[in-house]
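Colleague: Quick one: the structure is below, and I'll ask about it shortly.
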Amino acid sequence: MTYQPIDEAAQAAQAARAAQVSPDATMQLRAVEQPLSPPLSPDAPPLPPVGSPPVPPVAPPAPKDRRALRSFLRWTAAVVVFAAVGAGVAYGVTEQKRGDLPGLATKADGRWEYPRIVRPPLPEGAPDAFAKDNLREEHFADLRALVLPAPKGAVADKELAGKDGWLSTDTYLKAYPKEPRRDLAEALKDGGLRNAAARGWTMPDGTRTSIYLLHFTTGAFTREYWDELNSNLALPAGVEKMDEQYSLFKGASEAVDFTTVHSYAEQKPYGKERVRYAYVMAGDVLALVVQQDDGHGSTVPFRQTVALQNQLLG
């Protein structure tokens with residue numbers, strides 16, 4: 001028995017059906033007769049006789065849009081590669097520290113290097129300054145430990161070190177001109193001042209910082225003394241005109257809860273030094289932070305110093 005040659009389309013259809021069935025079914029397809037069709041060209045290979053091993057499936061003819069298919073496959077492979085590389089890069093970014101990444105390291109903005117700030121411990125059973133049951137808003141921690149420590153590279157001001165860390169009223173009053181000192185001294189005496197502590201330092205660039213903490217009997221006495229400072233127009237020594245700098249600290253909006261910050265800057269002409277200063281009211285403690293420079297320094301160290309002192313008292 002002889003077979004007529006088949007066209008390529010019919011042969012491709014047979015191969016597709018063979019690929020969709022199990023191996024046992026493929027073996028049963030060997031003896032299936034093929035539909036007759038016009039003869040192929042003389043160069044077409046004859047079909048194998050019956051009983052011969054199965055002919056491997058012939059790949060279907062290439063579609064006309066072969067180039068589009070190849071382009072699609074290339075782009076698909078590229079997307080897979082870039083996705084894998086991107087995932088690896090993302091993993092690497094999350095595993096590295098910010099300062100280790102080129103272009104992402106935080107540039108120096110003028111901040112000073114302070115030691116780790118830790119609030120001092122409270123006596124056993126003593127409440128926080130702003131606890132609900134502490135109606136007098138008292139700070140029970142050691143006042144000397146509430147003064148901000150000096151940053152790295154600072155040279156200490158020995159005059160503000162006081163005796164055993166306690167500052168005399170006379171030394172504190174030197175922060176103001178001579179005229180208002182008498183009135184301020186009387187206000188402190190009558191206003192329930194318990195004690196005072198301070199710290200001062202000078203940085204390598206010549207910037208000088210002085211911090212004074214006044215500890216009153218209650219938060220109400222702190223506010224009374226604040227009113228006295230305003231009524232006397234008591235400006236720090238060396239300051240003739242000033243403006244309240246809301247751009248530095250916007251009052252209570254940037255202060256720690258239950259505290260208030262008022263910051264000021266000397267108006268031009270500065271003279272030999274420019275002065276910035278701030279008051280921090282925190283319960284029964286009033287802090288005065290004064291910073292003096294040559295007029296060209298950044299506001300960053302001042303803001304940083306006031307913010308840290310505010311956090312210690314809040």
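The values are calculated or read from the model by the stated rules, or taken from the named source; none is laboratory data. In this text, all values refer to a predicted model and were calculated from it rather than measured experimentally. All Cβ positions, glycine included, derive from the backbone under ideal geometry; neighbour counts span all protein chains shown. Protein only, heavy atoms only, side chains kept; ligands, DNA and RNA dropped before computing areas. Shrake-Rupley method; radii C 1.70, N 1.55, O 1.52, S 1.80 Å.
Colleague: With the stretch 191-280 as the region, which strands (runs of 3 or more DSSP E) entirely inside it contain at least 1 residues that are under 31 Å from the mean Cα position of the chain (by Cα) and within 19 Å of TRP112 (Cβ to Cβ)? Reasoning before the result, please.
Modeller: Values: elements: 193-202, 208-216, 242-244, 259-266.
Passing ranges, in order: 193-202, 208-216, 259-266.
Colleague: Also: Going through the stretch 207-232 one residue at a time, which ones are under 16 Å from VAL290 (Cα atoms) and either open to solvent by 50 Å² or more (accessible area, probe 1.4 Å) or in contact with a Pro (Cβ under 7 Å, 6 or more places away or on another chain) (or both)?
Modeller: THR207, ARG208
Colleague: For the stretch 158-190, give me the residue count where each residue is within 19 Å of VAL289 (Cβ to Cβ) and polar (S, T, N, Q).
Modeller: Qualifying residue count, the stretch 158-190: 2.
Colleague: If you scan the stretch 284-295, which residues turn out to be surrounded by 24 or more Cβ atoms within 10 Å (Cβ to Cβ) and more than 27 Å from ASP142 (Cα to Cα)?
Modeller: GLN292, the sole residue that qualifies.
Colleague: All but one of (1) open to solvent by less than 10 Å² (accessible area, probe 1.4 Å); (2) at pLDDT 95 or above hold for MET281; state the number of the condition that does not hold.
Modeller: Unmet for MET281, out of (1) open to solvent by less than 10 Å² (accessible area, probe 1.4 Å); (2) at pLDDT 95 or above: (1).
Colleague: Just one of LEU312, LEU288, LEU308 is in a strand (DSSP E or B), out of contact with any Cys (no Cβ under 8 Å at 6 or more places or on another chain) and in contact (Cβ under 8 Å) with a residue 24 or more places away in the chain; which is it? Let's see the steps before the verdict.
Modeller: Values: LEU312 fails: in a strand (DSSP E or B); LEU308 fails: in a strand (DSSP E or B).
Of LEU312, LEU288, LEU308, the one residue that is in a strand (DSSP E or B), out of contact with any Cys (no Cβ under 8 Å at 6 or more places or on another chain) and in contact (Cβ under 8 Å) with a residue 24 or more places away in the chain is LEU288.
Colleague: I've got another one for you. Among the listed residues GLY153, GLY200, which satisfies the condition of being more than 23 Å from LEU313 (Cα to Cα) and modelled with pLDDT of 95 or more?
Modeller: Values: GLY200 fails: more than 23 Å from LEU313 (Cα to Cα).
Answer to the check: GLY153.
Colleague: Follow-up question, since we're still on this one. Please work out if GLU159 is more than 13 Å from LEU213 (Cβ to Cβ), in contact with a Ser or Thr (Cβ under 8 Å, 6 or more places away or on another chain) and not polar (S, T, N, Q). Break it down into steps so the answer makes sense when it comes.
Modeller: On the way: more than 13 Å from LEU213 (Cβ to Cβ): yes; in contact with a Ser or Thr (Cβ under 8 Å, 6 or more places away or on another chain): yes; not polar (S, T, N, Q): yes.
Judged against the criteria, GLU159 is a match.
Colleague: Could you list all residues from the stretch 161-176 that are over 19 Å from PHE216 (Cα atoms) and either assigned to a helix (DSSP H, G or I) or among the aliphatic types (A, V, I, L, M) (or both)?
Modeller: The one that is over 19 Å from PHE216 (Cα atoms) and either assigned to a helix (DSSP H, G or I) or among the aliphatic types (A, V, I, L, M) (or both): ALA161.
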